[in-house]
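Here is the structure we will look at.
The values are calculated or read from the model by the stated rules, or taken from the named source; none is laboratory data. Since this is a predicted model, take the numbers as computed values, not measurements. Here the Cβ positions follow ideal geometry from the backbone for every residue, glycine too, while neighbour counts run over all protein chains shown. Side chains included, ligands, DNA and RNA excluded: accessible areas come from the protein's heavy atoms. Shrake-Rupley method; radii C 1.70, N 1.55, O 1.52, S 1.80 Å.
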Amino acid sequence: MSITSKDSHIIWHPFTQEQTAPSVIAIKHAKGSYIYDENNNAYLDLISSWWVNIHGHGNREIARSIYRQALALEHVIFAGFTHAPAVELCENLMQLLPYSLNKFFFSDNGSTAVEVALKMSYQYWYNQGYIKNLFLSFDGGYHGDTLGAMSVGAKSGFHDNFSKLFLKILTIPYPATWDNDLEIEAKENLAKSTLERHLHEYGDKIAALIIEPLIQGASGMRICRTEFIETIIKMVRKQGILVIFDEIMTGFGRTGSYFALDQIGTSPDLLCLSKGITGGFLPLAITITTTNIFNAFLSDDWKKTFAHGHSYTANPLACAAAITSLNLLKKETTQKAIQEIHKSHKIGINKLQIENKRIERPRIIGTISAFEIKNNTHLNDIKFNLILKKQFLEAGLLLRPLGNTIYLLPPYSITAYELETSYDKINKILFQL
Ligand SMILES: *Cc1c(COP(=O)(O)O)cnc(C)c1O
């Protein structure tokens, strides 16, 4: 029996309707920007394997650092103990982050990093004698699949079945924008006036605002303007509300700078990092916060402790991978590659737009490009999406359109030529559909 048929009997895949989904593909090995299946078919990984891979697959330096660390110390309980890779990683990250973000709390995936941020914000107030059990988030915001993370992502469209289980949230319309968007002012004004109303009515009950800065990922690579985020932050801070940046997707060069916050004129009270942190090798996450928040948990009373932790907190192998990945990210060649990807996106998107009238709302930020393709086929949107995925795979491209949104989010190892030919292939497929 092949791996795929064995798999089909026993494995339940994420985000997959197992009754109708096409057969999964068994990947045997991966190198650079390509993954290879059992029959040695190559697929260009244009989505960085669900947004985690930044330096390409099979990176030797990261692999070696994991191996060396495994021989020395694979894992140790992180309560009451520590190790060099954890400390070194935080010191290195601190050099790239705003000075105020200097307390690091480890966990092991994006959703847990968000849970930690939500719980920390709630308890920050609780420890000072306030009950603030409301969170502010944006329509279309996606923050993970655990219950707290789903709650703040209630309007992402992914978690509707669970709405009866959610924490209490207030949502703000999200002013998604694109090239030559004429309605951006109106959309931003609506968001601001909605927020104004929430603040007026519930301001003193809100613990924190959570936002994916500059771009919402899962709800369709939706970009907003930096000035808008700056205004929103000013408004909530007037009422003392904490600000959480979910940079799980945007971190580590994705938006062109090390972090999206580098492009925003203010820094958050809590920052969630994961996905690209280990270069896509191992699961790891960190919630980073300020001395002010940290201090609110200091007490002789155990009840003020942040009683939260995971078995694999600060796994040394993952930390070792993250240290190496961060060093690679800082290299001039990587920074150049990030700029080159941005240029290639501009050329590719431009060409697509000229040659295909069904391309709408083109947008680019850093290493991410996205656009909508109008579905004027006889297929419904769900079937249309499946056909798109299938045809891209057949052309050797790993792409995973979100609805009718096609996006490219490649590892930084990709070459200008590979991107250019990818756009040509995409163009051909879309033209024939
Ligand atoms: C992927 C993602 C998460 C959740 O991370 P997981 O590791 O999948 O739990 C949270 N927030 C954002 C912005 C993400 O893109």
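List of remarks:
- Conditions (1) modelled with pLDDT of 95 or more; (2) farther than 20 Å from Met221 by Cα: number failed by Leu433: (1)
- Number of residues in region 147-159 that are open to solvent by 50 Å² or more (accessible area, probe 1.4 Å) and either near the ligand (Cβ under 10 Å from one of its atoms) or of a type in the set (D, E, K, R) (or both): the value is 1.
- Among the residues making up region 86-112, those that are within 16 Å of the ligand (Cβ to nearest atom) and in a helix (DSSP H, G or I) are Gly110, Ser111, Thr112.
- Among the conditions (1) over 23 Å from Ser257 (Cβ atoms); (2) open to solvent by 30 Å² or more (accessible area, probe 1.4 Å); (3) more than 16 Å from the ligand (Cβ to nearest atom), the only one that Phe162 does not satisfy is (3).
- Listed by first and then second residue, the pairs with beta-carbon distance under 7 Å, at least 6 apart or on different chains, first residue in region 293-309 and more than 15 Å from Trp125 (Cβ to Cβ), second assigned to a helix (DSSP H, G or I), are His308/Val116; His308/Lys119.
- Test: residue in region 399-420 that is within 30 Å of Gln335 (Cβ to Cβ), part of a loop (DSSP other than H, G, I, E, B) and open to solvent by 70 Å² or more (accessible area, probe 1.4 Å): yes
- Meets criteria (of a type in the set (S, T, N, Q) and in contact (Cβ under 8 Å) with a residue 60 or more places away in the chain) for Asn40: no
- On the stretch given as region 119-146, residues that are within 14 Å of the ligand (Cβ to nearest atom), of a type in the set (S, T, N, Q) and touching a residue at least 60 places away in the same chain (Cβ under 8 Å) total 1.
- For region 247-276, filtered to residues that are touching an Asp or Glu at 6+ places or on another chain (Cβ under 7 Å) and either open to solvent by 20 Å² or more (accessible area, probe 1.4 Å) or polar (S, T, N, Q) (or both), the residue that is nearest to the ligand (Cβ to nearest atom) is Thr250.
- Those residues of region 118-156 which are in a helix (DSSP H, G or I) and of a type in the set (Phe, Trp, Tyr), in sequence order: Tyr122, Tyr124, Trp125, Tyr126
- Flag set for Glu115, criterion: assigned to a helix (DSSP H, G or I), touching a helix residue (DSSP H, G or I) at 6+ places or on another chain (Cβ under 7 Å), open to solvent by 30 Å² or more (accessible area, probe 1.4 Å) and within 16 Å of the ligand (Cβ to nearest atom).
- Residue check, Thr313 surrounded by fewer than 24 Cβ atoms within 10 Å (Cβ to Cβ), under 26 Å from Thr82 (Cα atoms), of a type in the set (Val, Ile, Thr) and within 16 Å of the ligand (Cβ to nearest atom): yes
- Yes/no for Ile373 being more than 18 Å from Ser111 (Cα to Cα), open to solvent by less than 30 Å² (accessible area, probe 1.4 Å), in contact (Cβ under 8 Å) with a residue 12 or more places away in the chain and touching a Leu at 6+ places or on another chain (Cβ under 7 Å): yes
- Pairs, first closer than 16 Å to Gly279 by Cβ in region 77-93, second surrounded by fewer than 19 Cβ atoms within 10 Å (Cβ to Cβ), C-beta under 8 Å, six or more apart: Asn92/Asn327
- Options Leu209, Leu195; residue that is assigned to a strand (DSSP E or B), of a type in the set (A, V, I, L, M, F, W, C) and open to solvent by less than 10 Å² (accessible area, probe 1.4 Å): Leu209
- Cross-chain or 6+ apart pairs with Cβ under 8 Å, region 153-167 first and closer than 17 Å to Glu115 by Cα, then in a helix (DSSP H, G or I) and open to solvent by 40 Å² or more (accessible area, probe 1.4 Å): Ala154/Ser163; Phe162/Leu147; Leu165/Leu147; Phe166/Leu147; Leu167/Leu147
- Checklist (1) in a helix (DSSP H, G or I); (2) surrounded by 16 or more Cβ atoms within 10 Å (Cβ to Cβ) applied to Glu227, failing item: (2)
- Of the residues in region 204-213, not one is over 30 Å from Tyr130 (Cβ atoms), out of contact with any Leu (no Cβ under 6 Å at 6 or more places or on another chain) and among the β-branched types (Val, Ile, Thr).
- Unmet criterion (only one of (1) open to solvent by 10 Å² or more (accessible area, probe 1.4 Å); (2) touching a His at 6+ places or on another chain (Cβ under 8 Å); (3) farther than 23 Å from Glu115 by Cβ) for Thr324: (2)
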